[in-house]
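These notes are about the structure you will find just below.
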Amino acid sequence: MSQTSLKQKKKNEPGMRYSKESLDAEKRKDPDKTGARLSTQGSQEIPVPNTDSRGYIVRNQWSRTSRSPSTGAPSVDEPRSRNSIAKVQLAPTSTATSRTSSASPSQHEASPPPQTSEKLSISQTPQTRPITQLDSQPPTPPEPEPNSRRTSKMYGGSEPWNLRETRDTKEVQLRDYAHSCDSRELIIPKSQYPRTPPTEWKSYVQRRLQYGTSVDMDQECLSEAQQRQRQQMEEDEVDEAYWTSVSMLYEKIPSCARPRPPKPKHAITIAVSSRALFNMVDDRRIYEEEGLEKYMEYQLTNENVILTPGPAFRFVKALQHVNSRLRDLYPEEQDLFDIVLMTNNHAQVGVRLINSVNHYGLLIDRFCLTGGKSPIGYLKAYLTNLYLSADSEKVQEAIKEGIASATMFAGAKDMAYCDTQLRVAFDGDAVLFSDESEHIAKEHGLDKFFQHETLFENKPLAQGPLKGFLEDLGKLQKKFYAKDERLLCPIRTYLVTARSAASSGARVLKTLRRWGLEIDEALFLAGAPKGPILVKIRPHIFFDDQMFHIESAQKFGTITAHVPYGIAQKRN
């Protein structure tokens, strides 16, 4: 090669470098739309313009950037003909040599400079050659030149060449990859099992039966917390099964509605001792003769032995009948009789008392067992309206505390009593009324007594200890009267007095009228014995302040209650 051709080659190197770089950039930007080259038999190579699918010429990729002095790329400001295209001549590289084997170094030496090729007209129609399989492949990226500022920007990144493809190429690749994934069959390893379809899912109880219980599991493999949790679950299951069986058992048992006791602030509280409610004469004898320990041992041994009825037993049964009638007329009624078992017995005796109460069907829900201590202090706490006991000393203590009380005595012989009506008989002086007239009769005789009563006929008598209980009975009677039950009222009251109706009876009746109380029957005996009259009445209880009247009625079988109040107690 001559020296002149070498100089010419060196002179054209910047243009050749620019041509190679611009061609590679165009191929990287749109490899699918890269134009084909035409090779001729001569030493010159005519470039083919890049066209899109509609036949339009694709402009140079550098047309949108400003011309750089270092790269020499064309500027957007320069006018450029649409029909003109630059002739690009590749430098002799290894890639170009492998593609066009017919090209020789002499041909590259004779190629015109790029300035002249830009002015060529498109009227020179090149002859196209068929695109070979080698041309359809993406071009190999050129090696970057370290001295070039342009190549350092283009290829200086660490990102590989295959990730710098265009958006269209990536979409095509992703679409092809998705198509290949759809056509691929999923192979399930044999160690895995197919998922159960939703239609075959079972409940927890059904699935749990397919597995072993906690007995089949190794307890050593479980932690202490897991063992406690599993044990708690088993206990809960046992309890649930137990209560299920119990509920089924109670559903089969016929319901027996037990009425609830009324509230104490509304109820008429009747406190009854164990010796007044039941016959405990033999038990009392053991206590007095052998002591408390033998008495306790006897009660524990015979706690399943039912006690026999005492003097207040029939009275309590009659009170419960009144409550039943009131609930029939007034289902939400609270003004009822509330019976409380008030005794100084030990709590160990309570089992026998409970068994006896339940045996006779008595509706006694409140018990007070003081264990040898006097129960008088609890009477006011229970809002007691009437206290009945077989111990006269305790009754006197209650009278001093202002509580209506009486000592119960059983009749000497049996008597038939009415079960559908509560019958209560009262003495007048020192029971319903005060002992004012008794003072005159005991100190000045009967004549002064009659004169005093005639003089103060219109003056009401002062109230006695049982006046409040008579008011309670009258209040309940009015409830039945309001329902037109006067003739069928389950409560009936009697006044049985030794007074004479002509001389002293008017003051008694006027006093009851002033109090707003009604007595169903008033019997003025004028000093005659009360026993025969009481046999005719057959009251469930008869209150009197004098013991000789109590003894007279007791001989005829009447259940009596002595009220230790007034001047008659001092004389006796």
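The values are calculated or read from the model by the stated rules, or taken from the named source; none is laboratory data. As the structure is a prediction and not an experimental result, all values here were calculated from the model. A quick note on method: Cβ atoms are made from the backbone with ideal geometry, for glycine too, and the neighbour counts reach across all protein chains shown. What goes into the accessible areas is simple: the full protein's heavy atoms, side chains included, and nothing from ligands, DNA or RNA. Shrake-Rupley method; radii C 1.70, N 1.55, O 1.52, S 1.80 Å.
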Determine which single condition LEU307 fails, assuming it passes every other condition in (1) within 25 Å of HIS562 (Cβ to Cβ); (2) open to solvent by less than 20 Å² (accessible area, probe 1.4 Å); (3) out of contact with any Phe, Trp or Tyr (no Cβ under 6 Å at 6 or more places or on another chain). (3)
Of the residues in region 560-572, those that are in contact (Cβ under 8 Å) with a residue 24 or more places away in the chain, open to solvent by 10 Å² or more (accessible area, probe 1.4 Å) and not in a strand (DSSP E or B) come to PRO564, TYR565, GLY566, ILE567, GLN569, ARG571, ASN572
Is it the case, given these coordinates, that TYR330 is buried (at least 18 other Cβ atoms within 10 Å of the Cβ) and either among the hydroxyl-bearing types (Ser, Thr, Tyr) or without any contact (Cβ under 8 Å) to a residue 40 or more places away in the chain (or both)? no
Pick from region 512-534 the residues that are of a type in the set (D, E, K, R), in a loop (DSSP other than H, G, I, E, B) and surrounded by fewer than 18 Cβ atoms within 10 Å (Cβ to Cβ): which of them is farthest from the chain's Cα centre (by Cα)? ASP520
Residue check: is ALA412 more than 48 Å from the chain's Cα centre (by Cα) and surrounded by 18 or more Cβ atoms within 10 Å (Cβ to Cβ)? no
Could you tell me whether region 226-240 includes any residue that is β-branched (Val, Ile, Thr) and open to solvent by less than 60 Å² (accessible area, probe 1.4 Å)? no
Take the residues of region 535-550 that are touching a Phe, Trp or Tyr at 6+ places or on another chain (Cβ under 7 Å) and outside any strand (DSSP E or B): which is most open to solvent (accessible area, probe 1.4 Å)? ARG538
Output the residues belonging to region 358-375 that are free of Cβ contacts under 8 Å to residues at least 24 places away in the same chain and open to solvent by less than 50 Å² (accessible area, probe 1.4 Å). GLY361
Does region 418-462 hold any residues that are open to solvent by 20 Å² or more (accessible area, probe 1.4 Å), over 16 Å from HIS540 (Cβ atoms), touching a residue at least 40 places away in the same chain (Cβ under 8 Å) and not in a helix (DSSP H, G or I), and which are they? ASP435, PHE456, GLU457, ASN458, LYS459, PRO460
Give the residues of region 399-417 that are touching a residue at least 40 places away in the same chain (Cβ under 8 Å) and in a helix (DSSP H, G or I), sorted by residue number. ILE399
The residue that is modelled with the highest pLDDT, considering only those in region 418-461 that are polar (S, T, N, Q) and closer than 21 Å to LEU525 by Cβ, is SER434
Condition first: out of contact with any Phe, Trp or Tyr (no Cβ under 9 Å at 6 or more places or on another chain), small (Gly, Ala, Ser) and either open to solvent by less than 30 Å² (accessible area, probe 1.4 Å) or farther than 21 Å from LYS265 by Cα (or both). Now tell me which residues in region 380-400 satisfy that. SER389, SER392
